[in-house]
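The values are calculated or read from the model by the stated rules, or taken from the named source; none is laboratory data. Quantities reported herein were computed from a predicted structural model and do not represent experimental measurements. A quick note on method: Cβ atoms are made from the backbone with ideal geometry, for glycine too, and the neighbour counts reach across all protein chains shown. Heads up: the accessible areas ignore ligands, DNA and RNA and are worked out on the full protein's heavy atoms, side chains in. Shrake-Rupley method; radii C 1.70, N 1.55, O 1.52, S 1.80 Å.
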2 protein chains.
Amino acid sequence: MTGRDGGADLKPLPGESPIVVLVRPQLAENIGTAARAMANGGLFHLRLVAPRDGWPLERAWYASSGADRILDAATVHETVADAVADCHRVFATCPRPRHIVTPLRTARAAAEDLVEICRGRGLRSAILFGPERAGLENDDMAHADTLVRYPLNPAHMSLNLAQAVMILAYEWWNAAEDQTPPRQLMTNETHVATKGELEGFLNRLTAELDACGFLDNLPKRPGMVRNLRHWFQRGEVTEQELRTLHGVVTELSRGRMRRGRPVAEDPPTPWAQG
Amino acid sequence: MTGRDGGADLKPLPGESPIVVLVRPQLAENIGTAARAMANGGLFHLRLVAPRDGWPLERAWYASSGADRILDAATVHETVADAVADCHRVFATCPRPRHIVTPLRTARAAAEDLVEICRGRGLRSAILFGPERAGLENDDMAHADTLVRYPLNPAHMSLNLAQAVMILAYEWWNAAEDQTPPRQLMTNETHVATKGELEGFLNRLTAELDACGFLDNLPKRPGMVRNLRHWFQRGEVTEQELRTLHGVVTELSRGRMRRGRPVAEDPPTPWAQG
């Protein structure tokens, strides 16, 4: 689903997107999948604090699914203090907040803050993620000015490292996207039928149903026609689909036509295309 | 960071939270990490369609990090149609939407819809996730009435299965957490047809069209059937509307029946009521 690029061609300056800091990560695979999650959310700056097995680790590249340049550019630091020394703001992920003094934000609110901090004010920011299992220690979080909480099921709060990075990267992209003019959600290749074209089909269907006696129950006829209309009006219909439906009515009615029973006028209908 | 519970003590009824359907999952580990992601977001109902290596797979339990009961209760199905037969609404994740006619929602908007569908209206819903790498095929997505788009970096859109489940589970939890009183979309007297009931109609319509030769063009037949399915999947269909549509097919086919031409089996169909 992606090239080997890692989206690094879009790589912004450190001042333009937060730096992800993995504190004492244990497994190379997790560093790789975390980079993969970062690339998905448009985060390109990775810093590693005292990775357990050293750095670089080949298995990280295998697990990154193309986010190579993020790993290539990752820097290693001995301490959290060193890793965030050049940052103006430091956020720390904290599944179960204990530091009630430090400001606490949800992942979504934190992402909105980060957009304003990075894009709005051009400040350099970092987000700390703790090691697998243990999470960040108090001394690590002491470097943060803001804690980030993930609203999740308290009965089963168990994110792996990449999932934790994924959620914040996802929220970052959403918050950053809202800052820019909305992009086109859907390319409009197939032509949506006009209400007039749909009306034409409904009239023809009704005529066919009159002709075959389906609507002979006069008291109920208006309600039945209304039901059909409501149903066919739901959602959009493409011209192609309408041609298919015309073909359906034509074919299902054909037997009656051949037998010379009264039929509704039957406009020429192209065969439906797959 | 969690007990071995999987949050199953909070397990709601299927009507109260969406069912996660993994279509042709390949790796046991990914099924396990997907279950882990589900538990984090308060999703507890898992269905597997044709898992490549069969089921159960011990490695899935190892990878689930305590979401045991989700895996214990998972059911296996041969087809997507079977997996969603008892559902009223089916969402399908679609990183790069092609079916531009099917309603398309962001993960966040879809989660809000699902809260309303499940909690507000007590309807049963499912979310389809495709296999690793390939993703859902057109025939899979033809069973969905709504597609779900993840706003992420287009230059590196590469989620693994658990990450994709994680994002939707996270959005579900967030939407359910700040649930507002549900709006009333439909009058409660009308019952929404299940996907199984709709499938029954589609199978009958297809059989009728085969019988009358409409689908004789074999190369185009699959695409034409898929088009019909897409179109009838759009939005919700009530049981009443489905009865009406059965009546339409019956009547339109009758002329052919009387003439003794081959017809598809014609189940007793109640006349449509206004």
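Below, the figures for the structure above:
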| quantity | calculated |
| --- | --- |
| Peptide-level mean, for A:162-175, of C-beta atoms on other protein chains within 10 Å | 5 |
| Shielding of B:240-247 by partner chains, average beta-carbon count, 10 Å | 3 |
| Exposure rank, largest accessible area first [A:ARG221, B:ARG89; 1.4 Å] | A:ARG221, B:ARG89 |
| Contour minus Cα-Cα distance for A:GLU116 and A:LEU218 (0.36 nm per residue) | 30.3 nm |
| Candidate aspartates and glutamates for bridging to A:LYS220, where Cα separation is under 16 Å - those fewer than 8 sequence places away on the same chain excluded | A:ASP210, B:GLU241 |
| Interchain or long-range residues, amide H under 5 Å from A:ARG124's placed H | A:HIS88, A:ARG89 |
| Estimated FRET transfer efficiency when R0 is 22 angstrom, pair A:THR75-A:ASP139 (beta carbons, to 0.05) | 0.60 |
| Interface burial for B against A (accessible surface, 1.4 Å probe, total of both chains, Å², rounded to 100) | 7300 |
| Label spacing, shortest first and in nm, from B:ASP53 to its equivalents in the remaining copies (7 angstrom along Cα→Cβ) | 2.0 |
| Simple spin-label estimate for B:GLN26 and B:HIS191 in nanometres, 7 Å along Cα-Cβ | 4.2 |
| Relative contact order computed over the range A:30-138 (Cα-Cα under 8 Å; 6+ residues apart), in percent | 25 |
